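Note sheet for the following structure.
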Amino acid sequence: MIEFTWSDDWYIVAAVLLLPLMAGSLVAQKNPYYALVVRGILGAIAALVYALLGAADVALTEALVGTMLSITLYAIAVRSSLVMRLGITEGHLDALRQTPEIFMYFTDILQRYHLRLEEQPYPDAAELQTALIQRDVHTIIYPQPHQDGHYVVVTRIERLYELFKGDRLPENIELMYQAQPQETSVSVAQPFPQNSP
């Protein structure tokens, strides 16, 4: 049986007291990337406590599996899942980039929820429509027919629709929500312009 004395083993007590503090900080994190950092610190403190108490094998397991491996896997999962894929035809991509307020609108909203915007260009409107129906993208954007500089944004994710609708839409954007059709032959909410490249 191990006996502790406050005078000699104060550093063990300090390390043990850090565990609930870091666990509480981990639970309170809203940013998933900060949570990964705090999880790494929590795992390192736990490994230190195990090593100080003489359980070197448990400390090594915690350091390798509980900290390094789990954080690597969590980082890959967070990086791949916190993204909104925006589909657009290649012919309209340059024109859209010349209206930066649209990208700023998306980026500002997505950053509040720690999401990234990823552009997915498609060669024509038919493939863009298919990408939305087949769930390759979350949202598509295409120009409104006969209105230069105005765009239609269609999303298949109801939560994204609520986020975009809750914020002040730019005047040149029309936002639509497209529930996922049961069959792939169903078209999106509004037909694409015929002259799309």
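Can you find even one residue in the range 143-152 that is over 27 Å from Tyr34 (Cβ atoms) and in contact with a helix residue (DSSP H, G or I) (Cβ under 8 Å, 6 or more places away or on another chain)? Working first, answer last.
To start, the set of residues in the range 143-152 that are over 27 Å from Tyr34 (Cβ atoms) comprises 143-152.
Now drop any that are not in contact with a helix residue (DSSP H, G or I) (Cβ under 8 Å, 6 or more places away or on another chain), which leaves 143, 151.
The answer is yes; a qualifying residue exists.
Lys30 passes every criterion in (1) outside any helix (DSSP H, G or I); (2) in contact with a helix residue (DSSP H, G or I) (Cβ under 8 Å, 6 or more places away or on another chain); (3) over 30 Å from Glu171 (Cβ atoms) apart from (2). For the range 126-170, a residue qualifies if it is on the phi < 0 side of the Ramachandran plot, under 23 Å from the mean Cα position of the chain (by Cα) and assigned to a loop (DSSP other than H, G, I, E, B), and the qualifying residues are Gln134, Asp136, Val137, His138, Arg156, Ile157, Asp167, Arg168, Leu169.
Checking Asp57, Asp94 one by one, the residue that is under 16 Å from Glu118 (Cα atoms) and open to solvent by 70 Å² or more (accessible area, probe 1.4 Å) is Asp94 and no other.
Of all the numbered requirements in (1) at pLDDT 90 or above; (2) within 30 Å of Pro123 (Cα to Cα); (3) surrounded by fewer than 17 Cβ atoms within 10 Å (Cβ to Cβ), Ala28 misses one, and that requirement is (2).
For the range 97-127, the set of residues classified as of a type in the set (Gly, Ala, Ser) and surrounded by 14 or more Cβ atoms within 10 Å (Cβ to Cβ) consists of Ala125 only.
The values are calculated or read from the model by the stated rules, or taken from the named source; none is laboratory data. All figures in this text were calculated on a predicted structure; none of them were measured in a lab. Heads up, the Cβs are rebuilt from the backbone with ideal geometry, glycines too, and the neighbour counts pull from every protein chain shown. The accessibility values were calculated without ligands, DNA or RNA, using every heavy atom of the protein model including side chains. Shrake-Rupley method; radii C 1.70, N 1.55, O 1.52, S 1.80 Å.
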